[in-house]
Amino acid sequence: MSAVLQLKNVHKAFAGVPALAGVDAALMDNSYVSLLGPSGSGKTTLLRVIAGFEQPDGGEILFAGRRIDGVPPHERGIGFVFQNFALFPHLSVAQNIAFGLENRAVAPVTDAKAVTARVRDMIGLVGLTGLEDRAVTQISGGQKQRVALARTLVTEPSMVLLDEPLGALDANLRTRMRGELRTIRERCGVTFLHVTGSETEALAMGDTVLVLDRGRIAQATDAGTLYSRPASADVARFLNCYNIFSGAVSGNVFESPVGRLALGGVRQASGRPAYAIRYDRVAIRPRDAAAAGDEVRIEASFVASEYSGAAINSFFTLDDGRVFEVETHLSHAAPEAFEEKARYALVWKREDALVFV
Amino acid sequence: MTMAATSHDTPVETAAPSTRRQPDRTYWLLAPGVLWMLLFLVAPILMMVYVSFWTQTTFKIEPTLTLKSWITFFSSDTYLGALWTTVRIWLIVLVSTLLVGYPAALFVGLFVKNKTLSTALLVLCVIPFWTSFLIRVLAWRPMLGKEGAINMILMKLGIVTQPIEVLLFSELSVIIGMTQIYCVFMVGPIAFMLGRIDPSVIEAAQDLGASFWRIFRTIILPLSMPGVVVGAIFVSVMVLGEFATSAALSGRKVNLLGNIIVTQVGSLKWAFAAVAGVVLTILMGAVVAALLRVVDLRKEL
Ligand SMILES: Nc1ncnc2c1ncn2[C@@H]1O[C@H](COP(=O)(O)OP(=O)(O)OP(=O)(O)O)[C@@H](O)[C@H]1O
Ligand SMILES: [Mg+2]
């Protein structure tokens, strides 16, 4: 596999405020890449720069080995699926999908039969058969999503950029479309760059996950590595599954606001010292239970718990007032009933914690 | 469309009297408007149609029904000429307001990204209305006249040797004047429709590979058509009923149906005036109906 898209030190500022502050990334050919980042981190800006709707202030964009900064959007061969779909409201489903083939400046398809055939194949691929002549104002959100995707895919782009493509859909449909997007991509064999603000979506979909933080790529790796080894406390925070303490390492302990935490596992250099423990690595014990030698123990009072399917998330307040979250998988044990405001011991293995120095 | 369907269905589906009473009562809100329209619009128009069949003598008019006024109207070169002039000038002004107005609307509605600025520009279009009609007409005379500014400049530059006389007191000056006055009624609705186009729709078309002209022809123009139709209706209704501009700028050389009505009323020929009025009303109705056929406004707005 080779890199289809390379970004080298890409910069973009709006009225002096940087939105992209030196993005470096390489996207592999024929892969599903998700781009995760909090709101305002520059995800849309990055996609718009790649598609050519915005000019970067500096840096290089190489697409299939060729520099494309400066090439107008319609000559780049990169498809863009908009967050709000941006369908042509006056055209039918089939006309929307045929638009690119008939109207592109480079090599338009003039043979009506060829257009119809390709549109029909694409409608079959995305599962819209039967809706060809429907107005796009009279179809559901999920169907609009498919039209937007089909309209882009039919032009056979070498890469597709999707800006929060599932953001406008309800939770049920979102899960179903995830699987479909992956299947469709595999059948087309092009690289998808999927922007999302949801960590579960990013982890579930991406062969590679890029994490964007304040205009920079904070980490680029596969989902498994990202989940278990975030590169910094900020990345860990976006993943929404770590309790994070700030503080400082002194010798073999981490000085945190809730006390001294003994260190055991690996330490990662990240610039800002922090201590992170995953929600599902923590055990809840009665207050009088003792901790083993390789364990770390803190105390907290129980607030509430919340079921989420196969797991239950319990919330505690620490002595400094911060919330600490614990995830217990119900396959391991029957849910325990905790007493509100009562104090419990929260215990985890030393080597399970991530330590950033 | 969906809204219309549901409001039709409601009384059928919900037989409960409590839900039915509500819409019945709300109809009363329409009563003053309907009454006003009946009294001061529908009744007078019906009256006009009736009067057009009355018997007209030199000094008085009698309610004896006759076709005489209608026959006189359709066998007179003057009246038929005025009808033809009205249609001709209407068509030319319609085209010229569209040619001048569409690009301006395109700029204001689509290319000015800042909403405040585009509103300010639209207000700018209305500024001519802050001066009175009379003053504008007065100002055109030294501009368009035989010794006016345009002729002087053209002669200085050696483009013409003799002053162009058709600039003032001609059909041309009437067309120039009307285009200037009514252009803003074309710009407004078109700019409104263009402003409603989602910018990402145009970006999507760009991304799919279409050039600017393609996008204009396939996306922008069709989506702005309702604005063009509404603008065309405004301009048509106003131009067809015009009499002041032609009276002031043509030196009585250009007679529109409106001018005929003014003179007939002036000489107390009520029946003739009514015939011209009925013809004009039918013409306007036909024009509006034809324009509405171009676009299904109900669907688009
Ligand atoms: N056209 C613009 N003019 C000025 N500032 C902009 C513009 N577009 C984006 N920005 C700014 O650039 C930064 C990045 O914006 P961007 O839209 O890329 O964020 P995002 O990651 O897509 O966020 P979200 O998840 O909310 O969509 C933000 O601070 C935003 O305010
Ligand atoms: Mg965004």
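The values are calculated or read from the model by the stated rules, or taken from the named source; none is laboratory data. Values in this document were obtained by computation on a predicted structure and should not be read as measured data. Glycine gets a Cβ as well: all are built from the backbone with ideal geometry, and neighbour counts include every protein chain shown. Accessible surface areas use protein heavy atoms only, side chains included; no ligands, DNA or RNA. Shrake-Rupley method; radii C 1.70, N 1.55, O 1.52, S 1.80 Å.
Here are some notes:
- Sum of -39500 (n - 2.57) over DSSP H runs of 4+, divided by residues of chain A (222 nm, nearest 500): -7000 deg cm²/dmol
- Working from label points 7 Å from Cα in the Cα-to-Cβ sense, the B:ARG25 to A:ARG176 distance is 4.3 nm.
- Packing, taken as the mean count of other beta carbons within 10 Å per residue, orders the peptides B:81-89, B:60-68, A:275-283 from highest to lowest as A:275-283, B:81-89, B:60-68.
- Accessible area of chain A belonging to carbon and sulfur atoms, whole % at 1.4 Å probe: 49
- In terms of its C-alpha gyration tensor, the range A:105-196 comes out oblate, because a/c is 1.5 or above while a/b does not outweigh b/c.
- The GluC sites (Glu not before Pro) of the range A:276-357 meeting both criteria, a DSSP state outside H, G, I, E and B (loop) and at most 14 other C-beta atoms within 10 angstrom of the site's C-beta, are A:GLU336, A:GLU339, A:GLU340.
- Label-reachable residues, the range A:269-300, where backbone N falls under 18 Å from a point 7 Å from A:ARG322's Cα toward its Cβ: A:270-283, A:296-300
- Cross-link reach is defined here as a Cα-Cα straight distance under 19 Å, omitting same-chain residues fewer than 8 places apart; for B:LYS269 the aspartates and glutamates meeting it are B:GLU62, B:ASP77.
- Size of chain B: Rg and Dmax of its alpha carbons, in Å, are 24.6, 84.
- Each 10 Å bin, from zero up to the one with the longest distance, holds this percent of the alpha carbon pairs of the range A:159-273: 12, 37, 28, 14, 9, 1.
- Over the C-alpha trace of the range A:241-356, radius of gyration and Dmax come out as 14.0, 41 angstrom.
- Against the rule of thumb 2.2 N^0.38 Å, how large the Cα Rg of the range B:183-227 comes out: 1.21
- Looking at chain A alone, DSSP beta bridges between its own residues are antiparallel in about 75 percent of cases.
- For the pair B and A, the buried accessible area comes to roughly 1700 Å² in total, with a 1.4 Å probe and the value rounded to the nearest 100.
- Size-normalised alpha-carbon gyration radius of the range B:118-248, reference 2.2 N^0.38 Å: 1.41
- Ligands, DNA and RNA left out, the 1.4 Å accessible surface of chain B is 73% carbon and sulfur atoms.
- Its alpha carbons give chain A an Rg and a Dmax of 24.2, 80 Å.
- Between A:SER250 and A:GLU336, the simple spin-label model (points 7 angstrom out along Cα→Cβ) gives 3.2 nm.
- With 20 Å bins from 0: P(r) over the protein assembly as shown, alpha-carbon pairs, percent: 14, 31, 28, 17, 8, 2, 0
- Taking every DSSP bridge with both residues inside the protein assembly as shown, close to 75 percent are antiparallel.
- Estimated [θ] at 222 nm from DSSP helical runs (n ≥ 4, -39500 (n - 2.57)) normalised by residues in chain B, nearest 500: -22000 deg cm²/dmol
- For the range A:241-356, the solvent-accessible area works out to 51 Å² per residue, with a probe of 1.4 Å and every protein chain left in place.
- Area accessible to solvent at B:ARG196, 1.4 Å probe radius, in Å²: 130
- Taking all protein chains as shown and a probe of 1.4 angstrom, A:ARG182 keeps an accessible surface of around 60 Å².
- Comparing A:PHE316, B:PHE192, B:THR131 along the charge dipole axis of the protein assembly as shown, the residue lying farthest to the positive side is B:THR131, per the Cβ-charge model.
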